[in-house]
Amino acid sequence: MAVNMENKDVGLDRPQVKKAVQALQAFLKTKSTADSLLLDETQQISLLFTLWKIPKTAQTIRIPLPHGQRSDTDEVCLFTRDEPNMTPEQTQRFYKKLLEQRGVTCITEVIPFKTLKKEYKPYEAKRRLLGNFDMFLSDDRIRRLLPSHIGKHFYERKKEPLCVDLQSKNLARDVQRLVQGTSLKITNKGSCCMARVAHSGMTADEVTDNIEATVRTVMEKMRMKGPLIKIIHLKSQDSVALPIYTSDLSHLTLVEELNQKTKKGQKQKAVKKNKTEDKQADTEEPKEQNKAEPRDGEEEEEDEAEEIPQLVPIETPTKKRKLEKTAKKKTLEKAPKPPVASKTKSANKLAKKKDAKVKRKVPKVK
């Protein structure tokens, strides 16, 4: 994980932070007495982080706190896997005994995976389960199976189950860190993120300690570079956001310098690409010119040496012409010959007849 060394030291003024905490606690006390909220005696206190830029990738930061940020009245539910050759009731008893042996006392309910699939399949049952508990834990062996069974409302209300290794030797410590710690979800859809830090029943010193620890771990584990945090606010669910940290205007100049550097780098890359393309085009053009346009002496020699002959079509005997010749022969054979002999015979007969007539007409001389 990349650690951002530039943002480790955020100038939090502890006396100013403590004043803001005291003002918020006084507001919550007056509101609780005015509204007589007997069932909701403690309220959540959260930190609202506003970043200079939207992150490129999402990230979840686990934050251990020096003082527990959940009250004793908060109820925690644990989803466990189904043990082989055991009914759901037997698995529930098995894991409850295991938690007692390891010294885990903050978990109020254990639900095996089979009971989750059967009893909490309807939509109303899932909503009831979501409202009955303040936090959910799950065995890491069934974590990938839960999203399709619990529904999207757990994620919308930010109560998705946190993974626990139930086979760990330090199970009590791991569960205590998850329950009493907090987490910050940084998304790539906006520049604001919130983390629960304390509750209204804690003292001002405890709340300020948790705030300092949260800001320190966030600065160490955030993966982004450059100036990150713009403003940090302290607020509850119904109160106004009180600013406890604002970045200097010098951060604006740093951000602008970073943006200018990135723009210059992009421009330089574009210019280099254009130059390389132009060089390639220049190197290709003279080669083509050398090939297409030789020298004058070479032109004459090539013209004299290599005269392009004119292509004359040569008649080759083809089947069509043979067929034509055979057709002509057949037509000539079939055509009737001129009656040469008949004409001569008829002419001889006519001549004889004429001679006989003449002989008849001419008188004989005595």
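Just a few scattered comments:
- When residues of the range 153-167 are limited to those that are over 19 Å from Pro112 (Cα atoms) and not acidic (Asp, Glu), the one surrounded by the most Cβ atoms within 10 Å (Cβ to Cβ): His153
- Applying a threshold of 6 Å to beta carbon distances and a minimum spacing of six or more residues, or different chains, the list of pairs starting in the range 16-38 at a residue that is basic (Lys, Arg) and ending at one that is at pLDDT 90 or above and buried (at least 16 other Cβ atoms within 10 Å of the Cβ) reads Lys18/Ala204; Lys18/Thr208.
- Every residue from the range 139-166 that is closer than 20 Å to Lys185 by Cβ and touching a Lys or Arg at 6+ places or on another chain (Cβ under 6 Å): Gly151, Cys163
- Condition check for Thr208 on (1) out of contact with any strand residue (DSSP E or B) (no Cβ under 6 Å at 6 or more places or on another chain); (2) modelled with pLDDT under 90: one failure, at (2).
- Checking Phe136 against (1) free of Cβ contacts under 8 Å to residues at least 40 places away in the same chain; (2) in contact with a Lys or Arg (Cβ under 8 Å, 6 or more places away or on another chain), the condition it does not meet: (1)
- For the range 51-67, the count of residues that are more than 19 Å from Gln167 (Cβ to Cβ) and free of Cβ contacts under 8 Å to residues at least 40 places away in the same chain is zero.
- Leading residue by the ranking (nearest to Leu116 (Cα to Cα)) among those in the range 141-152 that are surrounded by 14 or more Cβ atoms within 10 Å (Cβ to Cβ) and of a type outside the set (A, V, I, L, M, F, W, C): His149
The values are calculated or read from the model by the stated rules, or taken from the named source; none is laboratory data. Since this is a predicted model, take the numbers as computed values, not measurements. Cβ coordinates were reconstructed from backbone atoms using ideal geometry, including for glycine residues, and neighbour counts include every protein chain displayed.
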